[in-house]
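The values are calculated or read from the model by the stated rules, or taken from the named source; none is laboratory data. Keep in mind that this is a model prediction, so the values were computed, not measured. When we count neighbours, we look across all protein chains shown, and the Cβ atoms used for this are built from the backbone with ideal geometry, even at glycine. Heads up: the accessible areas ignore ligands, DNA and RNA and are worked out on the full protein's heavy atoms, side chains in. Shrake-Rupley method; radii C 1.70, N 1.55, O 1.52, S 1.80 Å.
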Amino acid sequence: MMALIPSKEVVDVVLEAGGEPLKLCYQCGLCTATCPWNLVRSFSIRGMVHQSQLGLVDFESEDIWLCATCNTCVKRCPRGVEIIDIMRALRKVIVEMGVAKVPDALRLSAKNVSVTGNPLAELQEKRADWAKDLDVKPFIEGTELLYFPCCYPAYEPKEKGIARATVGILNEARVDFGILGVKESCCGDLVRKSGNETIFRRLAESNIKAFTENGVKRILVSSPHCYNTFKNEYPDFGGNFEVIHSTQYLLELVKEHRIEFAKELNKRVVYSDPCYLGRHNDIYDEPREVLQSIPGLELVELPDFREEALCCGGGGGRIWMETKKGERFCDLRLEQAIELGAEVLAVACPICMCMFKDSQLTVDKGESIEVKDVTELVHEAI
Amino acid sequence: MEGRRIGVYVCHCGLNIAGTVDVEEVAKYAATLPSVVVSRDYHYMCSDPGQALIKDDIKECGINRVVVASCSPRMHELTFRNACQDGGLNPYLLEHTNIREHCSWVHEDKAAATEKAKALVRAAVKRVYYHEPLEVKEAPVNPNVLVVGGGIAGMQAALDIANGEHQVYLVEREPSIGGHMIQLDRTFPTLDCSECILTPKMAEVGHHPFIELLAYSEVEEVSGSIGQFKVKVRKKARYIDESKCVGCGVCEEKCPWKVPSEFEMGLAMRKAIYIPFAQAIPNVVTIDKDLCVYIQSGGKKCGACIKFCEANAVTPETLLNQSDQIVELEVGSIIVATGYDQFDPSVVPQYGYKKYDNVLTGLEFERITCAAGPTGGKILLKDGTEPENVAIIHCVGSRDQNYHEYCSRVCCMYGLKYAYLIKELTGADVYEFYIDMRCFGEGFEEFYKRISEEGIKFIRGKVAKVTDVAITEEEKGKLIVVAEDTLLGSMVRVPVDMVILCAALESRSDADKVASLFGLNRRADGFFLARHVKLDPVATPTDGIFIAGCCEAPRDIPDTVAQAEAAAAKALSLISKGKITLEAAVATVDEAQCQGCGRCEEICTFHAPKVISKNGVMVSTINETLCKGCGACAVACPTGAISIRHFTQEEILAQVGALIEV
Amino acid sequence: MNLYEIIQDTKTHYCLECGKCSSICPISRYDPQYSPRVMIEDALFGFEEELIHNHKLFSCLTCYACQLKCPSDVDYPLFIRKTRELAAAAGEHGDYAHSGTLQSLVGLMARSSIKQRRFEWFSNSYRTSESSDVMLFIGCSPYFEPVFEDIPVRTLDIAEASLKILNSLGIEPLVHPDEKCCGHDALWLGDMETFRILAEHNAAIIKESGVKKLIFFCPEGYRTFKLDYPNYVKLDCEVMHISEFLAQRLETEGLRFNEVKKKVTYQDPCRLGRHLGIYDAPRKVLASIPGIELVEMEHIREDSICCGTSCFTNCDSYSKQIRVGRLVEAKATGAETLITSCPKCQTHFKCAMVARGEEKGPEVEIEVMDLANLVANAIGG
Amino acid sequence: MAEFEPQIIAFCCNWCTYAAADLAGTSRVHYPPNVKIVRVMCSGMVNPIYVLKAFESGADGVLVAGCNLVDCYYLDGPVKCDAMFAILKKLVHILGLEDERLRREMISASEGVVFARVVEEMVEGLKKLGPAPFKVKKGAVV
């Protein structure tokens, strides 16, 4: 066996890239043991952290790109190590210092975001096209609420329903809201988590500028990723806004009787907690309360839910990458939902929706279940 | 054996016994047994009227042996012994048999339970026949206490007792008290300066009106037993007049003769006339006889110290004619706090200790970081430069069956402390090679976390070797630490400038002598064995002798202090009672039967039997103050010379033989 | 039988009160309270109760030193043995050594119907035969092993050595799995019931096996079979001690031994020597081994001194002093090894060397070895 | 004919097993009356002769029980008892006795239930084995 020589230089680079928390790790292995990847293949986060501690990281390894930033390990870590930060730092070292090859899919998507402001390479000027036929005002100074739909509902045909349902509900509730449309760009979460810190900063700065210039105070988001980024990361760059996720806002509207349900929705529904809503931001009850308020709807729980919920596998830029069949968390999740006899798999995240809709195509009896955003279900019932 | 008159008392215990056992029948049956003159049954034998039956029968029927069949003797044997005594009978002439817990409460078949009760009573009657009166002896306790060892444990124990205004003799073999703790730089996990917290205590010991400090002295002989030990202490000659020396240090300055200083772990020199360290207590000089040229030349050469001593403490007279003194002490209890030795890593040749200059032991590193130490507190390599990277190797000599199997308990923590100090003082890269991190004490884990934050590199793996054979350019001129990083599953080679070996704490090299001096037992690992690991942790098999600190096992300062205070409390409780009651049912030797083979001496845990020569014949004698009456010696005795009072073979065989009716 | 009859039987009334017995008695030398003469006197005065409850009654080693010197031919050992029968009937048994474990084992052995596991120690390197007409009597050796583990004495070594000797002479002897204690100790402690049961059992199994010759390595068994059994049971076979047997074969077969360089001295066991008059046979065997130099002790043959304990009873301070005295004598010869031909002698001597206290008595350490082992070593292989 | 009722003599150390038997009593844990306890201060006090004498006097089984190694009031009594017991076992083994008739247990003061279970097991086992093969010596009982 070749002996390795620890490299102080590499350690310093990783630390510099934001890997500071790795110092704290005492190698108990709980992260590896809780990581969903180990349901489908072997993946030692502990090992990677230790390699980082000694500057012995194999930057060529595809493992570096696996982490979906689902936060399970961080939540459970006995030393409070921000493992996602370490993963981010390692990816950053590769992306920004070019020490190894970045997977093509990631490189491409990041480039897209950088150039077009969205990962789907759609034109910036079409960002508001989803709302063309709807009664949606552009946001102007003094508008109460900014609705920020996220790139996927904005462009992706399969997901536009989320944005449209949201607008339907807001209008029903007579909410004073608007959209920024072409003035906004991707929140930058996925690029940041996949190591493109520079692009992220640019996006953040541009969004903050747009929000600030237009006098935005309160932002309604459909995506937990946007939610997390605006709420927890933008403040570091000077952007302080009140951020509210659609499920939170829906509950507010239901409780204040600003929307009333007109129909029964006699369906068996399971809810899949998005990582960035649940583990990253501790929002577990609101989506459930909203669903339960829909007349006739029967809410059932997946085998693991809330804090334990299985990730869809799309976070951290994974949505852009190909995951081998048999290793897809979303497939597992969908199978569980089908097993439970659910008619609808309710989500509260455009990333989750994208992942699950893909799964429907490959999973046995995938079409037997609908994948819908909570917003869509509410909209159907009013 | 004439004249046995046995009274038998069978208790109903309400229905507790009578509900299952036909007590009247048992009493009637007992009356038919040989030598039984009275046999009664009664509702509650433990009640006053029940006890009165026994007392009256002793007086009126002249019974001289008593059998009570009732509950467990663990419950009421003492009650009935007292009843016998009140009735004028020696309390040991009672046999208490258990027909409640061992019979009525555990059996349902009344006939069978009654038969069993009869058998138990029959056996008790047979046994009581052989009972002999025993005398319960008491002995006074001398309130003086001897504390052996002037480290933190010994000092703490001495202060606790002396503060209760009892005389303490504190014996320390080195010229000054202070022990290992005074050699330490800082103490984990709080990083207090060891000297700062210890020297006030040393001064207090030095001045305490109830502490007589016998430094530079060793215990030579201990005799007697709990309450009345006699101790001989050799006060080694310092070759100066202690009463005159003011510790000014001029002589030391002028003395031309040097050797490596023990206190500085050989990293600095001391003189032939020396005070081991600045805050030494007592603050007087000691002369190293072997090194002093004046003494060695019989007064013909040197004599610088005499010349410069203004206090007239060093004179030709003290140098040439002073000799060791034997001090005799009488004490009631002894606290042994003799501490530990640091494991010598040179027996692990792979680690290169003594081979490479910059491989150090923990204690050496303590001296290096200490501001008063040989480098003035600077962490320096032998060549005077600062290290850029340092490896700290844990478990050197511990957790290794080739050396010591036990965990040395303090090394993880002091290893972390070193990492902290190195980072703080030099900014060097630090690697900790560990097997497991064991940070169990108060504030320890927090300290570990704090040190982790400093970016210390932890490599889980026992180091295979430390070498200077470089295989790459960057290894050149470095010490390379080779290990498997078990977490990587890969070999690593870490080039460093300095290696610190976290050497284990081990039992003193002369622990065997100390053990036999004080009648202590040693565990397989060499440390002294406590009376009970959990429930009697500072007592020893020898009553009146207590242990504290690292002589019992490796431990840190707070644990040592707690143990010292526990030992002091034990001694104080003895003093406060003022006397001890001796076990009456102890071993006794029939000298005519004894062959002096010493098997009893060998097997006894408490050192009670001793073979001595009487008129040229070897016979065993029992020290009754030490004997606990466990009976192991009687089993070991091949000739039947030893028997245990109240549990003689005759008694037990009589009982066994009568249990089964044939 | 009462005391009067015993006195008649053992010619005790011929006692002249000369005191020769007490002056020769090894116990009286150390124990001022013990005197054969006084014992006899008590008997002659008719103090029966005092006599049978006197625990010194069990001190006599029955070594026969006194009897050989008695001018009136008083059989004092026999007197003691018979008086002990009276004492035993009254529940007396002297002070058992080893807490009476050995006596108890013999009692249990006698009164049990189960098959012993005597031969689990037996290695298959020795050849035995169930149909042999020679039997080697193993005796209590298997039981001694655990009891004397700590001394350490391995009496089974002697059994193995004896087997090796017999095998080398072309004899594959019978070793009987159902053999029981010969009853020597029971007999000499006055426990006649146990002795009879044992004698009858052993006689029966020997008769059934049809052996013609019975060889012993233990002089006690030998004596018991040769002198005592005939009074109680019928035994149709020749009995011999292994030293006798060897001496015989030396003549008839011209046995040759390898050289063993050793300076030895020889302890005459009382049973072999004074009881049966066998002094020459063992010496002859010793002389036949090249390299062996025999240096005799001060007291030998008829004047030999007992190993100090008999029947594992009253093994006391005086017994120890006798043994120490004898060992000092043995060491004084300058021999490196003390040879005996009795497992008990070996046991008692080795036991006397045990000194586990810090303070030690006189230096008495010397190698003790059975003659059979010495011979077996000389056979080699 | 009545069922064979084996006789068991148990030597129990004062501090642990005797106390365990007491606890069985106070907790009313029932067990067969075939056992009779002899109280000794320490299991290391049990002389081989006590056990042999028990067989001599008619016991079908003997139990020697005391503290666990760590609980011993006298520090290392159980070690001494084990050493004695090893010798004893060899002796009764040669004698031909079934191993089950002689049992060594370490039962701590809290294990009343264990004591009862051991007694039950022994009684069951001895019932299967039948009476001990020794005929009691005349006048053996003092």
Query raised in the report: Would you pick out the residues in the range A:354-379 that are in contact with a strand residue (DSSP E or B) (Cβ under 8 Å, 6 or more places away or on another chain) and among the charged types (D, E, K, R)?
Result: A:357, A:370, A:372, A:373
Report task. Pull up the range B:75-91, narrow it to residues that are under 38 Å from the mean Cα position of the chain (by Cα), more than 14 Å from chain D (Cβ to nearest Cβ) and farther than 23 Å from residue B:118 by Cβ, then point me to the one that is most open to solvent (accessible area, probe 1.4 Å). Result -> B:82
Query raised in the report: Hey, among B:357, B:383, which residue is more than 18 Å from residue B:466 (Cα to Cα) and over 30 Å from the mean Cα position of the chain (by Cα)?
Result: B:383
Query raised in the report: Which of (1) farther than 14 Å from residue C:355 by Cβ; (2) open to solvent by 20 Å² or more (accessible area, probe 1.4 Å) is the odd one out, the single condition residue B:605 does not satisfy?
Result: (2)
Query raised in the report: How do the helices (runs of 4 or more DSSP H) wholly within the range B:287-363 filter down when requiring 3 or more residues that are of a type in the set (A, V, I, L, M, F, W, C): which remain?
Result: B:304-308
Report summary line: Scanning the range A:122-150 residue by residue, those in contact with a Pro (Cβ under 8 Å, 6 or more places away or on another chain) and assigned to a helix (DSSP H, G or I) turn out to be A:130
Query raised in the report: Hey, does the range B:609-617 have a residue that's out of contact with any Phe, Trp or Tyr (no Cβ under 6 Å at 6 or more places or on another chain) and buried (at least 22 other Cβ atoms within 10 Å of the Cβ)?
Result: yes
Query - When residues of the range B:28-74 are limited to those that are of a type in the set (Gly, Ala, Ser) and surrounded by fewer than 20 Cβ atoms within 10 Å (Cβ to Cβ), the one nearest to the other protein chains (Cβ to nearest Cβ) - result: B:35
Report task. Restricting attention to the range C:265-277, report how many residues are open to solvent by less than 20 Å² (accessible area, probe 1.4 Å) and closer than 18 Å to residue C:245 by Cβ. Result -> 6
Report task. Kindly provide the set of residues from the range D:18-48 that are in contact with a Ser or Thr (Cβ under 9 Å, 6 or more places away or on another chain), among the hydrophobic types (A, V, I, L, M, F, W, C) and closer than 20 Å to residue B:124 by Cβ, ordered by number. Result -> D:19, D:21, D:37
Report task. Working only within the range B:610-632, note down all residues that are within 14 Å of chain D (Cβ to nearest Cβ) and either free of Cβ contacts under 8 Å to residues at least 12 places away in the same chain or touching an Asp or Glu at 6+ places or on another chain (Cβ under 8 Å) (or both). Result -> B:626, B:627, B:628, B:629
Requested in this report: Could you name every one of the helices (runs of 4 or more DSSP H) located completely within the range A:1-61 that has at least 3 residues being surrounded by fewer than 19 Cβ atoms within 10 Å (Cβ to Cβ)?
Outcome: A:8-14, A:30-34, A:37-40
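Rundown of residues vs (1) open to solvent by less than 50 Å² (accessible area, probe 1.4 Å); (2) without any contact (Cβ under 8 Å) to a residue 60 or more places away in the chain, yes/no style:
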{"site": "B:183", "(1), (2)": "yes, no"}
{"site": "B:201", "(1), (2)": "no, yes"}
{"site": "B:205", "(1), (2)": "yes, no"}
{"site": "B:214", "(1), (2)": "yes, no"}
{"site": "B:225", "(1), (2)": "yes, no"}
{"site": "B:249", "(1), (2)": "yes, yes"}
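This table checks each residue for (1) touching a Pro at 6+ places or on another chain (Cβ under 9 Å); (2) at positive phi.
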| site | (1), (2) |
| --- | --- |
| A:191 | yes, no |
| A:195 | no, yes |
| A:200 | no, no |
| A:206 | no, no |
| A:215 | no, yes |
| A:218 | no, no |
| A:223 | yes, no |
| A:227 | no, no |
| A:231 | no, no |
Report task. Please enumerate the residues belonging to the range B:633-656 that are touching a Lys or Arg at 6+ places or on another chain (Cβ under 6 Å) and either more than 17 Å from residue C:95 (Cβ to Cβ) or within 9 Å of chain D (Cβ to nearest Cβ) (or both). Result -> B:636, B:653, B:654, B:655, B:656
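Here's the yes/no breakdown for (1) of a type outside the set (Val, Ile, Thr); (2) farther than 22 Å from residue A:368 by Cβ; (3) touching a residue at least 40 places away in the same chain (Cβ under 8 Å):
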residue: A:238; (1), (2), (3): yes, yes, no
residue: A:243; (1), (2), (3): no, yes, no
residue: A:266; (1), (2), (3): yes, no, no
residue: A:281; (1), (2), (3): yes, yes, yes
residue: A:316; (1), (2), (3): yes, yes, yes
residue: A:326; (1), (2), (3): yes, no, yes
residue: A:329; (1), (2), (3): yes, no, yes
residue: A:334; (1), (2), (3): yes, no, no
residue: A:347; (1), (2), (3): no, no, yes
**Report entry** Count - residues of the range B:456-478 that are facing chain A (nearest Cβ under 8 Å) and either buried (at least 19 other Cβ atoms within 10 Å of the Cβ) or touching a strand residue (DSSP E or B) at 6+ places or on another chain (Cβ under 8 Å) (or both)
**Finding:** 7
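Rundown of residues vs (1) closer than 14 Å to residue C:72 by Cβ; (2) aromatic (Phe, Trp, Tyr); (3) open to solvent by less than 70 Å² (accessible area, probe 1.4 Å), yes/no style:
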site	(1), (2), (3)
C:1	no, no, no
C:4	no, yes, no
C:11	yes, no, no
C:15	yes, no, yes
C:21	yes, no, yes
C:26	no, no, yes
C:29	no, no, no
C:33	no, no, no
C:40	yes, no, yes
**Report entry** From the options B:525, B:512, residue that is outside any helix (DSSP H, G or I) and open to solvent by 10 Å² or more (accessible area, probe 1.4 Å)
**Finding:** B:525
Report summary line: If we keep only residues of the range D:21-62 that are of a type in the set (S, T, N, Q) and more than 7 Å from every other protein chain (Cβ to nearest Cβ), then the residue surrounded by the most Cβ atoms within 10 Å (Cβ to Cβ) is D:43
Query raised in the report: Residue check: is residue C:232 among the hydroxyl-bearing types (Ser, Thr, Tyr), in contact (Cβ under 8 Å) with a residue 24 or more places away in the chain and crowded, with 23+ Cβ neighbours inside 10 Å?
Result: no
Query raised in the report: Restricting attention to the range B:566-588, which residues are at pLDDT 95 or above, open to solvent by 30 Å² or more (accessible area, probe 1.4 Å) and β-branched (Val, Ile, Thr)?
Result: B:588
Query raised in the report: In the range C:108-164, what residues are assigned to a loop (DSSP other than H, G, I, E, B), away from chain D (no Cβ under 14 Å) and of a type outside the set (S, T, N, Q)?
Result: C:126, C:127, C:130, C:133
Query raised in the report: What residue, of A:192, A:202, A:174, is at pLDDT 95 or above and open to solvent by 10 Å² or more (accessible area, probe 1.4 Å)?
Result: A:192
Report task. Look at residue A:303 and say whether it is in contact (Cβ under 8 Å) with a residue 24 or more places away in the chain, surrounded by fewer than 19 Cβ atoms within 10 Å (Cβ to Cβ) and farther than 30 Å from residue A:231 by Cβ. Result -> no
Requested in this report: Answer yes or no: is there a residue in the range C:46-57 that is within 21 Å of the chain's Cα centre (by Cα) and either more than 10 Å from every other protein chain (Cβ to nearest Cβ) or open to solvent by 30 Å² or more (accessible area, probe 1.4 Å) (or both).
Outcome: yes
